[in-house]
Amino acid sequence: MIKRFLSVAIAATTLLSVSAKNDDPVLMTINGKPVTQSEFEYLYHKNNAQQQQPQSLEEYVDMFVIYKLKVADAEAAGIDTTAAFINEFRGYQNELAQPYMVDASVEDRLVNEAYARMQEEISVSHIMLPLGRTSSENDQTIAKLDSIRTVILNGGDFATEARRHSIDRYSAENGGSMGFLPIGQYPYVFEKAAYDTNLGGVSDIVKTDFGYHIIKVDVRRPAKGQVHARHILKLTQNMTPEQEAVAKAQIDSIYNLIQNGADFAQLAIAESQCGSARQGGDLGWFAPGMMVAEFSDVAFALNDGEISQPVKTQFGYHIIQRIEGKGIESLASARQGILNMINGDERGNMARQTRIDQFKEEYNSHLDEEIMEQLRLDLIANGGYDSTFIRKYKNSDLPVIVVANQTYPLSEVIKRMPVTAKISAENGFATLRGSAMSVLEAKTIEYEISQLPSKYPDYRNLINEYRDGMLLFEISNRNVWERAANDREGLEAFFNENRQNYTWNAPKYKGYVVFASSDSLLNVAKQYISENNVPNDSLSQVLRTKFGRDIRVERVIAAQGENAIIDYVAFGGTKPVAEQNKWNYYFGIGRIIATPEEALDVRGQVTADYQALLEKNWVEQLKYRYPVKINQKVLKKVK
């Protein structure tokens with residue numbers, strides 16, 4: 001019930017009252033807070049869009065007013081000022097703000113760029129040298145790779161230089177050849193350099209997390225699309241010639257079985273040594289470059305449904321069946337997959353960082369460079385960055401960060417600084433600046449989120465749906481749902497006053513069923529209850545204390561035909577067929593009654609009716625407590 005009520009509430013939520021312009025007049029005030037025409041129209045149309053049977057304007061006005069009265073009551077109760085509410089609401093604010101934290105034009109550019117690359121396949125070779133441990137070592141590596149590039153540009157053989165220098169041993173053995181590049185499978189800077197290099201050309205030096213590279217483009221061709229295939233594999237890696245011959249004989253035998261009508265998938269399950277065996281050898285869809293060249297070339301050359309002869313790769317012998325192929329899908333179809341790919345690499349932060357840079361410029365977010373210089377000199381005087389420096393500034397109020405003319409103290413930066421062994425002043429200052437920039441960006445984002453309601457009506461509408469929905473839920477829970485559930489005296493009094501409304505079509509058994517783990521224990525429990533006059537409402541607690549987990553008690557109200565155990569215990573029915581568990585021994589303690597005796601006998605129905613009464617009384621109080629004024633002239637203008 002709570003969830004249903006909340007969903008209705010959210011459908012009827014309100015906006016912040018931020019406008020009193022002539023073109024957006026105030027439609028009503030509730031407890032002195034204005035509701036503009038645009039605010040009301042937005043919610044009215046949204047509510048009707050969510051209803052199977054649209055409400056009339058008059059019906060919606062009544063519902064809207066009651067909703068706003070409840071929100072006003074929640075605010076009067078101070079719910080919106082509690083730490084729990086503020087923290088939860090802030091989480092929603094940040095989550096709903098995320099779409100506004102990226103530059104859509106950058107995202108679109110990256111998507112279009114990736115899609116354009118999907119139209120072309122390139123095969124590349126590369127030479128990779130290792131990353132250094134120091135900047136000096138990196139400089140030496142770059143100089144060496146630049147000289148290798150110069151040799152190649154002056155007529156040297158790329159493959160020879162790759163075999164001689166590249167630390168990527170697998171590709172080096174093949175003259176640096178990596179085959180066709182699958183889109184999104186390599187670092188973005190590597191992929192970009194490859195696609196930006198002409199056929200036969202050699203790229204500038206590219207740095208990735210793996211090393212320094214130069215890239216040669218060997219082939220450029222229109223994309224072939226993708227293939228869906230399955231295979232059967234017999235491994236030959238690290239085998240002796242004799243063992244490899246056995247694997248070849250096995251794959252040939254399997255191929256003959258397929259040619260004679262054996263089921264490919266079943267043979268894959270039984271014989272293949274690839275992890276895909278359990279899926280009948282199914283490898284799913286793949287593009288050129290996602291499989292080794294020998295495998296990929298054959299798969300793309302087959303017709304749909306065709307099966308290859310055994311194919312040798314570095315892994316072993318394969319039999320390949322091409323299931324189907326497809327061309328490049330449309331941009332609209334490919335977009336989500338491309339976005340997922342982009343978010344999985346360094347591009348994922350580019351649209352966000354561009355937007356943050358725009359915010360920083362808009363709000364003149366900057367570090368106070370005079371203070372930063374003072375800190376740099378202090379690091380030098382201190383002999384480096386260490387715990388002494390941290391202690392000195394951890395409570396500092398130096399205004400090192402400025403965002404929208406508001407300053408933030410150095411202490412906010414220091415608390416993000418790592419506690420490490422002493423490092424040089426140069427590295428310590430770099431760490432300090434990095435932390436300061438992180439705080440600067442966080443405060444800039446925080447400020448931008450605070451401005452979103454005034455910038456974007458859609459965000460303002462949505463965030464206030466969450467806010468008012470949260471307030472409604474909490475105040476309704478206090479005054480109706482939770483109150484009705486916990487007010488046993490009130491429920492009982494309500495039941496007694498309205499007893500005539502609660503009847504049954506047939507008598508019901510009211511009582512308890514005592515379950516035991518064995519027949520002998522059941523008899524002991526029955527005797528114990530009789531001898532000690534254990535009250536029914538204490539059965540569960542007393543028996544659990546006495547017998548532990550080998551006894552359990554269930555309270556039951558059921559008519560004949562509603563419960564097989566009760567039919568046997570109370571209505572003379574056949575004992576149910578025993579299930580394989582330890583609760584096959586039981587007896588009943590209770591009686592058959594014709595009508596409900598107390599609220600507990602019809603708890604669900606009584607609780608719902610009691611909640612309706614509490615709701616009715618509450619709404620009447622709200623109408624008396626908080627004034628409502630509606631401008632009928634403006635209401636007539638609602639579209």
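The values are calculated or read from the model by the stated rules, or taken from the named source; none is laboratory data. Keep in mind the model is a prediction, meaning the values are calculated, not measured. Cβ atoms come from the backbone with ideal geometry, glycine included; neighbour counts cover every protein chain shown.
This table checks each residue for (1) closer than 30 Å to SER411 by Cα; (2) touching a residue at least 40 places away in the same chain (Cβ under 8 Å); (3) out of contact with any strand residue (DSSP E or B) (no Cβ under 8 Å at 6 or more places or on another chain); (4) crowded, with 19+ Cβ neighbours inside 10 Å.
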position	(1), (2), (3), (4)
ASP458	no, no, yes, no
PHE473	no, yes, yes, yes
TRP481	no, yes, yes, no
GLU497	no, no, yes, no
ASN501	no, yes, yes, no
PRO507	no, yes, no, no
LYS510	no, yes, no, yes
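The residue that is farthest from the chain's Cα centre (by Cα), counting only those in segment 319-336 that are surrounded by fewer than 16 Cβ atoms within 10 Å (Cβ to Cβ) and either more than 24 Å from PRO222 (Cα to Cα) or not hydrophobic (A, V, I, L, M, F, W, C) (or both), is GLU324. As a summary of the residue check, VAL111 satisfies the conditions (1) in contact with an Asp or Glu (Cβ under 7 Å, 6 or more places away or on another chain); (2) crowded, with 18+ Cβ neighbours inside 10 Å; (3) hydrophobic (A, V, I, L, M, F, W, C) except for the one numbered (1). Identify the residue in segment 45-80 that is hydroxyl-bearing (Ser, Thr, Tyr) and surrounded by 15 or more Cβ atoms within 10 Å (Cβ to Cβ) and, among all such residues, is farthest from LYS616 (Cα to Cα). That would be TYR60. Within segment 253-270, the only residue that satisfies the criterion of being more than 16 Å from ILE320 (Cβ to Cβ) and among the hydroxyl-bearing types (Ser, Thr, Tyr) is SER253.
Looking across segment 57-113 at every residue that is outside any helix (DSSP H, G or I) and either among the aliphatic types (A, V, I, L, M) or touching a His at 6+ places or on another chain (Cβ under 7 Å) (or both), the one that is modelled with the highest pLDDT is identified as ALA77. Does any residue of segment 549-560 turn out to be polar (S, T, N, Q), touching a residue at least 40 places away in the same chain (Cβ under 8 Å), in the same structural domain as TRP481 (by TED's automatic domain parsing) and surrounded by 15 or more Cβ atoms within 10 Å (Cβ to Cβ)? No - not one qualifying residue is present in segment 549-560. Does ASP204 count as outside the structural domain of ALA293 (by TED's automatic domain parsing), under 21 Å from ILE142 (Cα atoms), touching a Pro at 6+ places or on another chain (Cβ under 8 Å) and in a loop (DSSP other than H, G, I, E, B)? No; evaluated as a whole, the condition is false for this residue.
Just one of the numbered conditions (1) buried (at least 16 other Cβ atoms within 10 Å of the Cβ); (2) touching a strand residue (DSSP E or B) at 6+ places or on another chain (Cβ under 7 Å) is not true of ASP519: (1). Within segment 212-237, residues that are closer than 15 Å to ASP297 by Cα and touching a residue at least 12 places away in the same chain (Cβ under 8 Å) reach partners that are among the basic types (Lys, Arg) and crowded, with 16+ Cβ neighbours inside 10 Å with beta carbons closer than 8 Å, at six or more positions or on different chains, in the pairs VAL227/ARG322; HIS228/ARG322; ALA229/ARG322. If you go through segment 120-176 and keep only what is part of a helix (DSSP H, G or I), in contact with a His (Cβ under 7 Å, 6 or more places away or on another chain) and not polar (S, T, N, Q), you end up with just ILE148. If the condition is being among the hydroxyl-bearing types (Ser, Thr, Tyr) and out of contact with any Lys or Arg (no Cβ under 6 Å at 6 or more places or on another chain), then segment 426-453 contributes THR431, SER438, TYR447, SER450.
Note on segment 240-304: enclosed helices (runs of 4 or more DSSP H) holding 1 or more residues that are farther than 25 Å from GLY184 by Cα and over 45 Å from the mean Cα position of the chain (by Cα) are 241-259. Checking each residue in segment 360-400 for being small (Gly, Ala, Ser) and out of contact with any Leu (no Cβ under 8 Å at 6 or more places or on another chain) picks out ALA381, GLY383, GLY384, SER387.
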